[in-house]
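Working notes for the structure below.
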Amino acid sequence: MMKKLAVGSLVTALSLAIAPAAQAVTLDPHAVPARTQITVRHDSGATVSTANAHESRPALSLSKLYLGYWVLKYGAPADKARVEHMIRVSDDNVATDLDRRYPQAIPSIIHEFGLRETHYTGYWGTTTTSTEDVARFTSRIQHDPIAAPIMAGMANAAPVAADGYRQDFGTSRIPGVIGTKFGWSDNRRIHASVSTAPGFTVAANTYGDAGTHIADVTRAVHNAPGALPAAGGSSQAIGARIERDLNLQGPARQAVRDATRTAASYERQACASANQALAQVTPMRVCN
């Protein structure tokens, strides 16, 4: 009973959430060695990338985002229920099973989203993509209700993946990030990551170990001055924390997700109104 009351109160709070200030980030492409590609995509659509960001490289477990979205949109209910776990712990066995059940999934997403630098080879684990493609795709789905389990899985990524590898590298180290999908090769010689934050999405891929991936990302990507600090985090981050901390399941979890989507809609409206008002006196944007 107490948990039910708590959920009700939290849902109400989420529904009344106001728009947080978006983080403003900068990327210095010249600080990135050729071994790494990085794309920073603002929610406004503005994109800054390294010169090699259009290279199609091993997608690693980032291809699970493409696979998972198709399953959530078109798959059987029992398979949809497996997607969040697949993303959260980067479960290769689940991905392999879903890829076998739905071989059309990744090719369909490539076509639907115009991912010209993404290539499906017949197996999710050998799919290739670019940081341009994965950043654009992730940015487009982040507020899509269909993708809520993917976003929840990214926001609650397990510290240790299903295969025992730590999920704490790359773009997850950028301040303001609220969710990350990690990828690594079996020999640990290639690492990739994509993260979302209020106002931007950032993706990176490195031919190197986790430490190299971290160093290249954090050397080149920085918060920029001019953005107002967020007071409490976005509704998406708050909703994810509620689910995690209360271990919500069934109707309670769905209620929080519905409230999160409603709050996110209010955030976007408030953001647009605030920017419109500010435009009369300053070029600064409160959020994107």
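Taking Thr96, is it more than 15 Å from the chain's Cα centre (by Cα), touching a residue at least 24 places away in the same chain (Cβ under 8 Å) and in a helix (DSSP H, G or I)? Give the derivation first.
Working: more than 15 Å from the chain's Cα centre (by Cα): yes; touching a residue at least 24 places away in the same chain (Cβ under 8 Å): yes; in a helix (DSSP H, G or I): yes.
Here the answer is yes, as Thr96 does meet what is asked.
Based on what the data block shows, is Arg140 over 23 Å from Gly239 (Cβ atoms) and either part of a strand (DSSP E or B) or modelled with pLDDT of 95 or more (or both)?
no
Kindly indicate the residue of the stretch 96-125 that is charged (D, E, K, R) and touching a helix residue (DSSP H, G or I) at 6+ places or on another chain (Cβ under 6 Å) and also nearest to Asn52 (Cα to Cα) among those meeting that condition.
Start the filter on the stretch 96-125 by keeping residues that are charged (D, E, K, R), which leaves 97, 99-101, 112, 116-117.
Next, from what is left, pick out any that are touching a helix residue (DSSP H, G or I) at 6+ places or on another chain (Cβ under 6 Å): 99, 117.
Numbers: Asp99: 29, Glu117: 12 Å.
Selected residue: Glu117.
In the stretch 158-191, how many residues are closer than 14 Å to Ile87 by Cβ and either open to solvent by less than 30 Å² (accessible area, probe 1.4 Å) or acidic (Asp, Glu) (or both)?
8
For Ala203, state whether it is touching a residue at least 60 places away in the same chain (Cβ under 8 Å) and not in a strand (DSSP E or B).
Against the criterion (touching a residue at least 60 places away in the same chain (Cβ under 8 Å) and not in a strand (DSSP E or B)), Ala203 does not qualify.
Among Ala135, Ala157, Ala148, Ala152, which is the only one that is touching a residue at least 40 places away in the same chain (Cβ under 8 Å) and either part of a loop (DSSP other than H, G, I, E, B) or over 14 Å from the mean Cα position of the chain (by Cα) (or both)?
Ala157
Would you check if Ile110 is of a type in the set (A, V, I, L, M) and over 17 Å from Ile150 (Cα atoms)? It would help to see each step written out before you state the result.
Working: of a type in the set (A, V, I, L, M): yes; over 17 Å from Ile150 (Cα atoms): yes.
Taking the combined requirement at face value, the residue satisfies it.
Is the stretch 32-48 home to any residue that is of a type in the set (Ser, Thr, Tyr), open to solvent by 10 Å² or more (accessible area, probe 1.4 Å) and over 26 Å from Asp92 (Cα atoms)?
yes
Which residues, taken from the stretch 173-225, are touching a strand residue (DSSP E or B) at 6+ places or on another chain (Cβ under 9 Å), more than 21 Å from Phe137 (Cα to Cα) and among the polar types (S, T, N, Q)?
Correct list: Ser185, Thr212, Asn223.
Of a type in the set (Gly, Ala, Ser), open to solvent by 30 Å² or more (accessible area, probe 1.4 Å) and modelled with pLDDT of 95 or more: does that describe Ala76?
Taking the combined requirement at face value, the residue satisfies it.
From the set of residues in the stretch 113-141 that are β-branched (Val, Ile, Thr) and crowded, with 17+ Cβ neighbours inside 10 Å, which is nearest to Leu27 (Cα to Cα)?
Among those that are β-branched (Val, Ile, Thr) and crowded, with 17+ Cβ neighbours inside 10 Å, it is Thr131.
Filter the stretch 82-94 down to residues that are over 17 Å from Thr180 (Cβ atoms) and either in contact with a Cys (Cβ under 7 Å, 6 or more places away or on another chain) or open to solvent by less than 20 Å² (accessible area, probe 1.4 Å) (or both), then give me how many there are.
1
Could you tell me which residue of the stretch 201-216 is farthest from Arg35 (Cα to Cα), considering only residues that are of a type outside the set (Ser, Thr, Tyr) and crowded, with 21+ Cβ neighbours inside 10 Å?
Val202
The values are calculated or read from the model by the stated rules, or taken from the named source; none is laboratory data. If you're wondering where the values come from, they're calculated on a predicted model, not measured in any experiment. No Cβ is skipped: glycine too gets one built from the backbone with ideal geometry, and neighbour counts run over all protein chains shown. Protein only, heavy atoms only, side chains kept; ligands, DNA and RNA dropped before computing areas. Shrake-Rupley method; radii C 1.70, N 1.55, O 1.52, S 1.80 Å.
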